[in-house]
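**Q** Okay, handing you the structure first.
The values are calculated or read from the model by the stated rules, or taken from the named source; none is laboratory data. All values derive from a computational prediction rather than experimental measurement. Glycine also receives a Cβ, built like all others from the backbone with ideal geometry; neighbour counts cover every protein chain displayed. All accessible areas refer to the heavy atoms of the entire protein, side chains included, with ligands and DNA or RNA removed. Shrake-Rupley method; radii C 1.70, N 1.55, O 1.52, S 1.80 Å.
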Amino acid sequence: MVKINENFLKLQKNYLFIEIAKRIKAFSAANPEADIIRMGIGDVTLPIAPVVVEAMKKAADEMGVKETFRGYEDSGAGYDFLKEAVANYYKGFGADVNADEIRINDGAKSDCGNIVDIFGDGNTVLVTDPAYPVYVDTNLMSGRKIIYADSNEANGFAAMPDDNVHADLIYLCSPNNPTGSVYTKAQLKEWVDYAIKHEAIIIFDAAYESFISEPDLPRSIFEIEGARKCAIEMCSLSKTAGFTGMRCGYTVVPNDLEVTASNGEKVNIASLWGRRQGSKFNGVSYPVQRAAEAVFTAEGQKQIREAIDYYRENAKIIASTLDEMGIYYTGGKNSPYIWLKCPNGMGSWEFFDKLLSEANVVGTPGAGFGKNGEGFFRLTAFGDRERTKEAMNRFKTMKF
Ligand code: PLP
């Protein structure tokens with residue numbers, strides 16, 4: 001009789017967004033005239049930059065001509081033109097990454113989930129809490145032990161390592177989803193030192209790096225000395241260039257990264273990852289890779305900045321409202337997420353209901369991202385400017 005992977009039974013139900021949708025539906029049915037503003041979604045709303053659309057159209061035309069048609073890409077790791085563009089981008093902020101260490105993918109979520117294939121199930125996995133749920137779910141699916149590092153008000157939602165606690169695989173996300181907090185170089189150096197000491201590997205999720213506005217904050221873990229010996233980085237064009245519906249990202253595995261197998265053999269992690277991807281992934285489509293290449297041109301960077309600046313201004317509007325109201329929050333400055341403390345000790349869901357019923361504004365209850373999210377709430381800056389302003393005007397009139 002076929003057996004299922006029983007680890008799936010340990011996963012929490014996909015409860016958060018289903019419950020949000022259920023509560024909105026019930027509220028709308030009872031209040032059909034209510035003009036609901038949604039500030040809970042993590043998806044972008046502005047269209048793809050014109051230079052990127054042009055590049056994709058040109059590539060689509062090439063696919064229709066015998067001489068320029070492209071089938072399978074040889075390596076499945078991405079065309080050199082894109083890997084070189086990404087490597088150059090890294091050099092722009094002082095991160096030491098070579099083109100041959102980059103693999104192009106169909107977005108960061110796939111690699112965040114798939115990377116677990118190359119690590120043994122006996123590893124202890126450390127996840128900062130609250131966190132993007134993919135880190136926990138994908139490790140639960142393979143039955144690994146998960147431990148948590150608390151991100152909370154006391155540490156500004158930037159959990160730090162504890163040398164007395166051992167972990168083998170560490171997930172860090174900066175700028176963080178959901179809290180918007182960003183590690184400094186000194187803080188990341190502590191994590192790198194911890195990983196080297198514990199012979200651990202850090203999986204660094206940099207999906208929101210392009211929202212960093214303060215020049216001293218690290219946009220890549222490879223800006224930190226020692227990271228090439230202990231880190232893998234995942235990044236995405238989803239939020240940087242509006243690629244949520246296009247699907248393109250990249251993962252960097254430094255050539256220096258090695259682990260000793262149980263037989264004493266030194267194993268190169270990039271080769272192992274290449275072997276995994278070679279067996280299970282056939283690469284990203286040519287037009288999407290050409291579109292991604294255009295993101296990294298001077299004109300592409302200029303055009304995507306306009307959208308990022310638009311979202312940043314939204315974040316500023318939200319943050320200044322919270323400042324005015326004296327509500328504690330993290331994020332907003334170097335991140336599209338604003339993570340606020342529910343006023344008067346309210347629970348996340350209690351605050352959700354109050355915001356929905358009194359201001360007709362929807363956000364995401366922090367409790368859905370882990371135990372330290374209880375009592376907190378996530379708003380996103382990915383919405384429309386006028387709607388964001390309107391939501392904040394309504395918010396200001398609420399009594400707590
Ligand atoms: N990492 C984080 C922290 C995210 O918030 C997201 C998406 O919301 C992703 C990765 C995945 O993005 P994508 O698969 O669209 O590249």
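**Q** With a/c under 1.5 counting as rounded, go ahead and sort the stretch 190-251 into rounded, prolate or oblate using the C-alpha gyration tensor (a ≥ b ≥ c being the square roots of the eigenvalues; past the cut-off, prolate if a/b is larger than b/c, else oblate). Each step should come with its number before you reach the end.
**A** On the way: a/c = 3.65, a/b = 1.75, b/c = 2.09.
Because a/c hits 1.5 or more and a/b fails to exceed b/c, the stretch 190-251 counts as oblate.
**Q** Excluding ligands, DNA and RNA, what is the solvent-accessible area per residue of the stretch 50-296 at a probe of 1.4 Å, expressed in Å²?
**A** On the way: 10020 Å² over 247 residues.
Normalised by residue count, the accessible surface of the stretch 50-296 is 41 Å².
**Q** Something else now. With θ set to phi - 60°, apply the Karplus curve 6.51 cos²θ - 1.76 cosθ + 1.60 along the stretch 376-392 and write out the HN-Hα couplings as whole Hz, x wherever there is a Gly or Pro.
**A** My calculation for the stretch 376-392 gives 10, 8, 9, 10, 10, 9, 7, x, 6, 4, 5, 5, 5, 4, 4, 4, 5 Hz in order.
**Q** Anything over 29 Å Cα to Cα? Flag those among K3/K145; K13/K229; K185/K354; K25/K371; K302/K341; K229/K316, in the order listed. Could you put the intermediate results ahead of the total?
**A** Details: K3/K145 22 Å; K13/K229 37 Å; K185/K354 39 Å; K25/K371 26 Å; K302/K341 35 Å; K229/K316 37 Å.
Among K3/K145; K13/K229; K185/K354; K25/K371; K302/K341; K229/K316, the Cα-Cα distance tops 29 Å for K13/K229; K185/K354; K302/K341; K229/K316.
**Q** Give, in nm to one decimal, the length gained when the segment between L11 and R70 is fully stretched (0.36 nm per residue of separation minus the Cα-Cα distance). Could the numbers behind the result be given before it?
**A** Values: separation 59, 0.36 × 59 = 21.24 nm, distance 4.05 nm.
Gain on stretching L11 to R70: 17.2 nm.
**Q** So who's got an amide H within less than 5 Å of the one on A231, skipping anything under 5 residues away but keeping other chains? H placed 1.01 Å off N, in plane.
**A** Here the answer is I202, since their amide H atoms fall under 5 Å of that of A231.
**Q** Using the per-residue mean of other Cβ atoms lying within 10 Å as a proxy for protection, in what order, highest first, do the peptides 2-14, 265-277, 286-298, 96-108 fall? Please report the intermediate quantities before stating the final value.
**A** On the way: 2-14: 8.8, 265-277: 15.5, 286-298: 21.5, 96-108: 19.9.
Per-residue Cβ counts within 10 Å, averaged per peptide and sorted highest first, yield 286-298, 96-108, 265-277, 2-14.
**Q** Let me ask another. What's the ranking of 377-389, 338-350, 25-37 by average number of surrounding C-beta atoms within 10 Å, highest first?
**A** Numbers: 377-389: 21.5, 338-350: 18.5, 25-37: 11.8.
Those peptides, ordered most packed to least, come out 377-389, 338-350, 25-37.
**Q** Out of all DSSP beta bridges with both ends in the stretch 50-296, state the antiparallel percent to the nearest 5. Can you show the working numbers first?
**A** Details: 11 of 29 bridges.
Roughly 40 percent of the beta bridges in the stretch 50-296 run antiparallel, per DSSP.
**Q** With axes computed from alpha carbons, what is the tilt in degrees of helix 80-92 against the longest principal axis of the chain, rounded to the nearest 10 within 0 to 90?
**A** On a 0 to 90 degree scale, this one is about 60.
**Q** Give the calculated FRET efficiency between S320 and M1 to the nearest 0.05, with a Förster radius of 60 Å applied to their Cβ-Cβ distance.
**A** Values: r = 61 Å, r/R0 = 1.01.
After rounding to 0.05, the efficiency reads 0.50.
**Q** In whole angstrom, how far apart do the alpha carbon centroids of the stretch 315-349 and the stretch 136-208 sit?
**A** Using only Cα atoms, the two centres lie 23 Å from each other.
**Q** Further question on the same structure: Which percent, to the nearest 5, of DSSP beta bridges fully inside the stretch 165-291 are antiparallel? Numbers along the way, then the final one.
**A** Values: 7 of 16 bridges.
Within the stretch 165-291, antiparallel bridges account for around 45 percent of the total.
**Q** Also, I was wondering about something else. Assuming 0.36 nm per residue, please report the length gained on full extension of the stretch S142 to D121 beyond their Cα-Cα distance. Provide the component values of the computation, followed by the final result.
**A** On the way: separation 21, 0.36 × 21 = 7.56 nm, distance 0.65 nm.
Net length gain for the segment: 6.9 nm.
**Q** Also, quick follow-up: Using modelled amide H (1.01 Å from N, peptide plane; none on Pro or chain starts), what sits under 5 Å from the amide H of F377, excluding residues fewer than 5 places away?
**A** Long-range HN contacts for F377: L340, C342, G366.
**Q** I would also like to ask the following. Which whole-angstrom value gives the distance between the alpha carbon centres of the stretch 260-311 and the stretch 65-117?
**A** Between the Cα centres of the stretch 260-311 and the stretch 65-117 lies a distance of 4 Å.
**Q** Moving on. Each residue of the stretch 237-253 in order: what ³J(HN,Hα) in whole Hz does its phi give by Karplus 6.51 cos²θ - 1.76 cosθ + 1.60, θ = phi - 60°, with x for Gly and Pro?
**A** 8, 4, 8, 5, 9, x, 8, 4, x, 9, 6, 7, x, 8, 10, 10, 10
**Q** From the helices alone, meaning DSSP H stretches of at least four residues, give me the mean residue ellipticity at 222 nm for the chain, per-run term -39500 (n - 2.57), in deg cm²/dmol to the nearest 500. Write out the running numbers ahead of the final one.
**A** Working: 11 runs with 140 residues, N = 400.
When only DSSP H runs of four or more count, the value is -11000 deg cm²/dmol.
**Q** How much of the accessible area of the chain, probe 1.4 Å, is carbon plus sulfur, in whole percent? Mind showing how you got there, number by number?
**A** On the way: 9360 of 17980 Å².
Whole-percent figure for carbon plus sulfur exposure: 52.
**Q** Percent relative contact order of the stretch 1-152, based on C-alpha pairs within less than 8 angstrom and at least six residues apart?
**A** Numbers: 91 pairs, mean separation 32.9, N = 152.
For the stretch 1-152, the relative contact order is 22 percent.
**Q** Here's something else I'd like to know. Going through the stretch 28-74, which trypsin sites (Lys or Arg not before Pro) have at most 16 other Cβ atoms within 10 Å and a DSSP loop state?
**A** Passing both the DSSP loop test and the Cβ count: K66, R70.
**Q** Also: Less than 16 Å apart at the alpha-carbon level, and either on another chain or at least 8 residues along: which aspartates and glutamates does that give for K396?
**A** Candidates past the 8-residue exclusion: D323, E324, E358, E386.
**Q** With θ taken as phi - 60° and the coefficients 6.51, -1.76 and 1.60, list the Karplus ³J(HN,Hα) couplings across the stretch 260-273 in order, rounded to whole Hz; mark glycine and proline as x.
**A** 8, 6, 5, 8, x, 6, 7, 10, 7, 5, 4, 5, 5, 5
**Q** Right, another one. Name the long-range amide H neighbours of F296: under 5 Å, sequence gap of 5 or more, or other chain; modelled H, no Pro or chain starts.
**A** Residues meeting the amide H criterion: none.
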